[in-house]
Amino acid sequence: MSPESAVQNQRLGVLFVDICGSTRLYEQEGDVAARRRIRQMLDALGEAAAVRGGQVLKEIGDELLIVFEQMPALLSFVQVLPAIQDAQAMRCKTGIHLGSVIVERGDVFGDAVNTAARIVSLAGPGQVLLSRDALEGLSVPERPEVRALPPLAVRGKRAMPDLFELMDEEGDHTQAIDAGAVDALRQALSSVLLLSWAGGRLELAPGCEDMTVGRDRGNAIAIPFPQVSRTHLRIESQGPYWLVHDLSTNGTLLQEEGGAPVMLRRERSRLSARGVLQLAPSHAGTGETRIHYELLKKMI
């Protein structure tokens, strides 16, 4: 792929590799020493990719976006990652997808790129995750040993592809529980979120898309008060949990029943049992800006 390529569609292996633990490294070793080590790691990863036909398109903080035209070459790069990590005494996480991308001015865009970015966000230190498309981009004899993961979801992506974990060569692997049993347990732990406020009542099922509350009428819950931000907070379903994420200017007061009040300012907090979300908490006498919530066990 030429850096000066005109806009075109191309099927590429897209790989994100993200260095883990950089925040702790900066705290422990100081800015200069930490940056030197991270730079060495990024250079080692980039050089290993380049000699195998990969192209580093972008460096995003401590993360590299690399593309390969040939999946066997991509696999060759992935197989040297353990040695690079050991040599640099650092760990990285890797996400891989294969798909059609838009190539423009030495960069790539499109759903395949977004999917690879979501995949790396699900990986743990030292872990390589790849999509079914990436796995099937290799001929059967070329395919590495992998373990299928249960269906996973990420915020902002309606549907994730089937994912697989690349197994290491040591043979000491976590034994996977049947995916159906894991999903059944997840569902059993989930709760419906019931919201009620002066203007109505809303019931949210586990796994639903994020919903927002704010002054603008485009929010799922619109509360037209000047002290309430246009988009004041977001409520997120994360596995069996519900999270509230304050996005506002004036903050949100979270009052859990029987607990101490917590003032959220651009922060997330997990909802528990039942309680009240007070928007614009310094504005006294505002029953209209309160949202009552309750978690109800889901019947399965």
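The values are calculated or read from the model by the stated rules, or taken from the named source; none is laboratory data. The structure displayed is predicted, hence computed values, not measured ones. Methodologically, a virtual Cβ is constructed for each residue, glycine included, from the backbone with ideal geometry; neighbour enumeration extends over all protein chains shown. Remember, those area values only see protein heavy atoms, side chains included, never the ligands or the DNA or RNA. Shrake-Rupley method; radii C 1.70, N 1.55, O 1.52, S 1.80 Å.
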Looks like the range 211-283, by Cα gyration tensor root eigenvalues a ≥ b ≥ c and the a/c under 1.5 rounded cutoff (else prolate when a/b is bigger than b/c, oblate otherwise), is oblate
Taking protein heavy atoms only, a 1.4 Å probe, and rounding to whole percent, the accessible area of the chain owed to carbon and sulfur comes out at 49 percent
Mean Cβ-within-10 Å packing, highest first, puts peptides 226-234, 265-273 in the order 226-234, 265-273
Expected sort for 23-33, 201-211, 119-129, 43-53 on mean C-beta neighbours within 10 Å, highest first, is 119-129, 43-53, 201-211, 23-33
Scoring only Lys, Arg, Asp and Glu (+1, +1, -1, -1) among other residues with Cβ under 9 Å from the Cβ of MET211 yields -2
The local net charge around GLN70, scoring Lys/Arg +1 and Asp/Glu -1 for residues other than GLN70 whose Cβ lies under 12 Å from its Cβ, equals 0
Per the charge dipole of the chain (beta-carbon charges, Lys/Arg positive, Asp/Glu negative, Cα centre), the residue among HIS97, ASN219, GLN28 reaching farthest to the positive end is ASN219
Here P(r) for the chain, Cα-Cα distances in 10 Å bins, as whole percents, is 6, 22, 24, 23, 18, 7, 0
The answer for HIS232, listing residues at least 5 apart or on another chain whose modeled amide H is closer than 5 Å to its amide H, is VAL213, GLY214, ARG215
Taking the dipole of the chain about the Cα centre (Lys, Arg +1; Asp, Glu -1; charges at Cβ), the one of GLY287, LEU149, ALA260 that reaches farthest to the positive side is GLY287
Heavy-atom accessible area per residue of the chain, all protein chains kept, 1.4 Å probe, expressed in Å², is 53 Å²
Given unit charges at Cβ for Lys, Arg (+) and Asp, Glu (-), the dipole magnitude of the range 47-123 about its Cα centre in debye, nearest 20, is 160 debye
Treating only Lys and Arg (+1) and Asp and Glu (-1) as charged, each at its beta carbon, one finds that the chain has a dipole about its Cα centre, in Debye to the nearest 20, of 1140 debye
Longest principal axis of the chain (C-alpha) makes with the long axis of helix 179-189 (C-alpha) an angle, in degrees to the nearest 10, of 20 degrees
Magnitude of the Cβ-charge dipole (Lys and Arg +1, Asp and Glu -1) of the range 1-138 about the Cα centre, nearest 20 debye, reported as 200 debye
For THR252, THR212, the accessible-area ranking with a 1.4 Å probe, largest leading, is THR212, THR252
Rounded to the nearest 10, the angle in degrees between the Cα long axis of helix 31-50 and the longest principal axis of the Cα atoms of the chain comes to 50 degrees
